[in-house]
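The values are calculated or read from the model by the stated rules, or taken from the named source; none is laboratory data. From a predicted model like this one, the values you see are computed outputs, not experimental measurements. Here Cβ is always computed from backbone atoms with ideal geometry, including for glycine, and neighbour counts include all displayed protein chains. Heavy atoms of the whole protein, side chains included, go into the accessibility calculation; ligands, DNA and RNA do not. Shrake-Rupley method; radii C 1.70, N 1.55, O 1.52, S 1.80 Å.
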Amino acid sequence: MTTSAAPAPAETAAARAARPIGLFDSGIGGLTVARAVAQRLPHERLVYFGDTAHLPYGDKSAAAIQAYSVKICDLLLRQRCKLIIIACNSASAAAYELVREYVGSKARVLSVIDPIVAHLGRAYAGRRVGLIGTKQTVNSNVYKKKVDDLDAGVDLHSLATPLLVPMIEEGFFKNSISDDIIGTYLGQAELADIEALVLACTHYPLIKEQIARYYAGRVDVLDASDVVAAEAEAYLATAGLLAPAAPTPPAHHFYVSDFTRSFEESTRIFFEQEVHLEHYPLWE
Ligand code: DGL
């Protein structure tokens, strides 16, 4: 006798909307995006992956970052994420197209690059703008290409600032030595006479205050967290996937590929609440 498996019942719209939003980065940097998303969309449950075992991404090859990104997306898809935000410029530069193809129709994928590029086109047409980021992001030239495609006359000048991520991951900021490192980078000729500076690394909002202090109001300091959160909201609203209000706040989940005390500390400080941090090695 042959038996045919009954077709799986179709997922209801309510069940799909209740799925979490996934985000990933090499470490704590993407938490700046996660925090903006949590503030803007307080009913959404977040699943965050910090690939601390492979930090920093900024010094890795595009091929390595692509391999890590795909592995992380496997986990986020197993967690049934409805939206995946690549909360890392280096991974957005190296792996966005590949990840989008890999994830297909299972979830929407957002990068942190396109929303801020669109903002530059709207607000800085015909003006000189600086950008700082990791070697991976700057050498990929992806911002320059996308900005030039806008054809809005944004004159973009980029500088790789590789010391900043390890400095921030170590919690080594808001002191005079980090002021010196930041000042040395910002004083480079590439960034002369700019009207705005793009923080093209999701770690950098953690030193945004120090950077703003260096410029003393002469330069707009731009980071992508809020524009990315707004884009996430716009997508979920259009797709009918906004999570419904619930009586209790959502229980976010944080994974790391290598457990570090400093990551746990930073996560807690960022979310101002106890977090459940789980060690999840990408390769066993
Ligand atoms: N926060 C990441 C970025 O936006 C990664 C930095 C790194 O790991 O080098 O580029």
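Here GLU190 meets the list (1) open to solvent by 40 Å² or more (accessible area, probe 1.4 Å); (2) at pLDDT below 95 almost entirely, failing just condition (2).
A quick yes/no check of all residues on (1) within 16 Å of the ligand (Cβ to nearest atom); (2) over 15 Å from the mean Cα position of the chain (by Cα); (3) under 25 Å from ALA237 (Cβ atoms); (4) free of Cβ contacts under 8 Å to residues at least 40 places away in the same chain:
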| residue | (1), (2), (3), (4) |
| --- | --- |
| VAL70 | no, yes, no, yes |
| ALA87 | yes, no, yes, no |
| VAL99 | yes, no, yes, yes |
| ILE116 | yes, no, yes, no |
| ARG128 | no, yes, no, no |
| ASN139 | yes, yes, no, yes |
| ASP148 | no, yes, no, yes |
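Look at (1) under 17 Å from GLU44 (Cβ atoms); (2) free of Cβ contacts under 8 Å to residues at least 40 places away in the same chain; (3) surrounded by 14 or more Cβ atoms within 10 Å (Cβ to Cβ) and you find that ALA243 fails only one, number (2). Only residues that are closer than 21 Å to THR202 by Cβ and basic (Lys, Arg) were counted across the stretch 83-108, and they come to 2.
Every condition in (1) open to solvent by 50 Å² or more (accessible area, probe 1.4 Å); (2) in a loop (DSSP other than H, G, I, E, B) holds for ALA237 except the one numbered (2).
Residues that are open to solvent by less than 10 Å² (accessible area, probe 1.4 Å) and either out of contact with any Pro (no Cβ under 7 Å at 6 or more places or on another chain) or under 20 Å from LYS174 (Cα atoms) (or both) within the stretch 216-234 comprise ALA229, ALA232, listed in sequence order. Among the residues of the stretch 126-183, just one is among the polar types (S, T, N, Q), touching a helix residue (DSSP H, G or I) at 6+ places or on another chain (Cβ under 7 Å) and farther than 20 Å from LEU55 by Cβ, namely SER158.
Any residue in the stretch 157-175 that is more than 16 Å from the ligand (Cβ to nearest atom), open to solvent by 60 Å² or more (accessible area, probe 1.4 Å) and at pLDDT 95 or above? Before the answer, list the steps.
Residues of the stretch 157-175 more than 16 Å from the ligand (Cβ to nearest atom): 157, 174-175.
With open to solvent by 60 Å² or more (accessible area, probe 1.4 Å) added as a condition, the list becomes 174.
Of the ones still in play, those that are also at pLDDT 95 or above are none.
No.
The listed residues are ARG40, ARG35, ARG78, and the only one of them that is within 16 Å of VAL112 (Cβ to Cβ), surrounded by fewer than 19 Cβ atoms within 10 Å (Cβ to Cβ) and over 15 Å from the mean Cα position of the chain (by Cα) turns out to be ARG40. Inside the stretch 136-156, residues that are loosely packed, with under 15 Cβ neighbours inside 10 Å and in a loop (DSSP other than H, G, I, E, B) make up a count of 3. Quick one: in the stretch 174-209, of everything that is free of Cβ contacts under 8 Å to residues at least 40 places away in the same chain and of a type in the set (Ser, Thr, Tyr), which residue is nearest to ALA125 (Cα to Cα)? Ranking the candidates gives THR184 first.
Return a yes/no flag: does the stretch 186-197 have any residue that is within 16 Å of the ligand (Cβ to nearest atom) and not aromatic (Phe, Trp, Tyr).
First, the residues of the stretch 186-197 that are within 16 Å of the ligand (Cβ to nearest atom): 197.
Subset that is not aromatic (Phe, Trp, Tyr): 197.
Yes; the residues of the stretch 186-197 include at least one that is within 16 Å of the ligand (Cβ to nearest atom) and not aromatic (Phe, Trp, Tyr).
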